[in-house]
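Everything below concerns the one structure shown next.
The values are calculated or read from the model by the stated rules, or taken from the named source; none is laboratory data. Given the structure is predicted, the values throughout are model-derived calculations rather than measurements. Cβ sites come from the backbone with ideal geometry, for glycine too, and all protein chains shown count toward neighbours.
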Amino acid sequence: MPVTPAHILQDIFSFYREKELPVLLDQYKRWLESRPLEGCRVIDASPVFRNTCAKYAALLAAGADLTVAVSRVMPHDPEILLLLAAYGIPVIGAERTEGPYDVVLDCAGALSHVPSLCGYVELTRSGAQHYVGCTQPVWMVDAGKIKQIETCLGTGESFFRALASLGFDDWHGKTLVVIGYGKVGRGIVLHALNNRMRVIVADIEEKRLPSPSVSFLRATDGAALSHAVKQAFCAVTATGRRHALSNLIDPALPCSSGVLLANMGVEDEWGPSIPKNRILNEGRPLNFILPDPTQMCYIDSSLALHNQGAVELAAGRGKPGLFPPPPETEEYFLSLVRSGGIIPEQLLDSLS
């Protein structure tokens, strides 16, 4: 017999404080009364980890008939899959999912093939390519500023937490090469500076950098990039593009240098010429070696915004094609993070 959302929330509070999930908790409390997804068939492909269970609790409180999809693209925690079975939440392989569902909560386009009656909510930027030309509503969580809390602040923090878990925690004065300066790259640079590292940013176009101490080079200059990587303590990709460094990095580099190579993109960005066993976590996102790939306080508002998309689409408030979350929704979520959360104000202010 399925457990109640309250039971799931009780389990969650054995691991997290209420202040770590102010937005999902607000969502849970409001939806327990209003039941905006009553009877709606919802499938969710968010990466399955312990903190994702708070997301499921809110959806169940809203009345959703919830199925969880596990994809080959995104890692998951096998122990949490067992926990979902104990909760009575069905789990299915994303590639075997047929539908239709009322709302598809997607991640990295894993469920873009599944028919949806009301539309899709995509969690990641990398998933957008799967919805180009889609005439149904596609709520893009990553198109708003709330997602920066996760991708910039949270992913940057988790990159260094993952390095430390592998024993690489002596960063002071060492050189980090960050390849790609979008939201994830910015977050890694921010935390690298806080850890008093030397930083080189490589991108395909000139970027405004946070400090004069951060150097820049064109990512299209393969010789300069290979030289910088060879001299570094660590080089990490955050381009958002599969095989982005193919034909750019000298393939002999892994054998001729002791530099740590890492990837923080959804897919392998180093390319097939670099052996997977030479890249930390075999080329998969480095933070997914952690029990919580992103800390609860940083991912709370993104998961809640993903959920909110389901409510908006089920109510018929979507627009054809890809569109961002409404600014008023994001401002409300941000006010909850500021008033009830634990993220320091100066970190939140750094996003603007």
Could you pull out the residue among Gly187, Gly156, Gly127 that is at pLDDT below 95, in contact with a strand residue (DSSP E or B) (Cβ under 7 Å, 6 or more places away or on another chain) and buried (at least 24 other Cβ atoms within 10 Å of the Cβ)? Gly127
Residue satisfying condition, being of a type in the set (Asp, Glu) and in contact with a Leu (Cβ under 9 Å, 6 or more places away or on another chain), within set Glu312, Glu267, Glu282, Glu330: Glu330
(1) out of contact with any Ser or Thr (no Cβ under 9 Å at 6 or more places or on another chain); (2) touching a residue at least 24 places away in the same chain (Cβ under 8 Å); (3) closer than 28 Å to Ile289 by Cα: which one isn't true of Arg96, the others all being true? (2)
Any chance Arg317 is surrounded by fewer than 17 Cβ atoms within 10 Å (Cβ to Cβ), at negative phi and in the same structural domain as Asp142 (by TED's automatic domain parsing): yes
Suppose we keep only residues that are under 22 Å from the mean Cα position of the chain (by Cα) and exposed (fewer than 14 other Cβ atoms within 10 Å of the Cβ) within the range 49-91. Which one would you say is nearest to Leu111 (Cα to Cα)? Arg72
Contacts under 7 angstrom Cβ, first residue in the range 310-321 being of a type in the set (Lys, Arg), partner modelled with pLDDT of 95 or more, 6 or more apart: Lys319/Pro137
All but one of (1) within 17 Å of Val266 (Cβ to Cβ); (2) in contact with a strand residue (DSSP E or B) (Cβ under 8 Å, 6 or more places away or on another chain) hold for Glu150, so report the exception by its number. (2)
Could you name every one of the helices (runs of 4 or more DSSP H) located completely within the range 270-352 that has at least 2 residues being at pLDDT below 95? 345-349
For the range 225-254, how many residues are touching a residue at least 60 places away in the same chain (Cβ under 8 Å) and surrounded by 20 or more Cβ atoms within 10 Å (Cβ to Cβ)? 7
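Table: residues versus (1) among the hydrophobic types (A, V, I, L, M, F, W, C); (2) assigned by TED's automatic domain parsing to the domain that holds Ala314.
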position: Tyr131; (1), (2): no, yes
position: Gly156; (1), (2): no, no
position: Leu163; (1), (2): yes, no
position: His172; (1), (2): no, no
position: Arg198; (1), (2): no, no
position: Phe233; (1), (2): yes, no
Pair list, Cβ < 6 Å and 6+ apart or interchain, from the range 148-176 residues that are in contact (Cβ under 8 Å) with a residue 40 or more places away in the chain to residues that are surrounded by fewer than 20 Cβ atoms within 10 Å (Cβ to Cβ) and in a helix (DSSP H, G or I): Leu153/Leu347; Ala162/Ile289
Within the range 32-42, considering residues that are in contact (Cβ under 8 Å) with a residue 60 or more places away in the chain and in contact with a helix residue (DSSP H, G or I) (Cβ under 9 Å, 6 or more places away or on another chain), the one nearest to Val70 (Cα to Cα): Val42
Within the range 191-224, considering residues that are in contact with an Asp or Glu (Cβ under 9 Å, 6 or more places away or on another chain) and within 17 Å of Ala252 (Cα to Cα), the one surrounded by the most Cβ atoms within 10 Å (Cβ to Cβ): Gly222
Can you tell me which of Leu322, Leu336, Leu303 is surrounded by 24 or more Cβ atoms within 10 Å (Cβ to Cβ), in the same structural domain as Gly109 (by TED's automatic domain parsing) and touching a helix residue (DSSP H, G or I) at 6+ places or on another chain (Cβ under 7 Å)? Leu303
When the range 212-262 is examined, which residues are found to be among the hydrophobic types (A, V, I, L, M, F, W, C), outside any loop (DSSP other than H, G, I, E, B) and over 26 Å from the mean Cα position of the chain (by Cα)? Leu217, Ala223, Ala224, Leu225, Ala228, Leu253, Cys255
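Could you check, for the range 3-15, whether at least one of its residues is under 23 Å from Leu313 (Cα atoms) and surrounded by 20 or more Cβ atoms within 10 Å (Cβ to Cβ)? Before you say what the answer is, go through the steps one by one.
Applying the first criterion (under 23 Å from Leu313 (Cα atoms)) to the range 3-15 yields 5.
Next, from what is left, pick out any that are surrounded by 20 or more Cβ atoms within 10 Å (Cβ to Cβ): 5.
Yes, because at least one residue in the range 3-15 is under 23 Å from Leu313 (Cα atoms) and surrounded by 20 or more Cβ atoms within 10 Å (Cβ to Cβ).
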Output the residues belonging to the range 197-213 that are modelled with pLDDT under 95 and either under 24 Å from Pro291 (Cβ atoms) or out of contact with any Leu (no Cβ under 7 Å at 6 or more places or on another chain) (or both). Ile204, Glu205, Glu206, Lys207, Arg208, Leu209, Pro212, Ser213
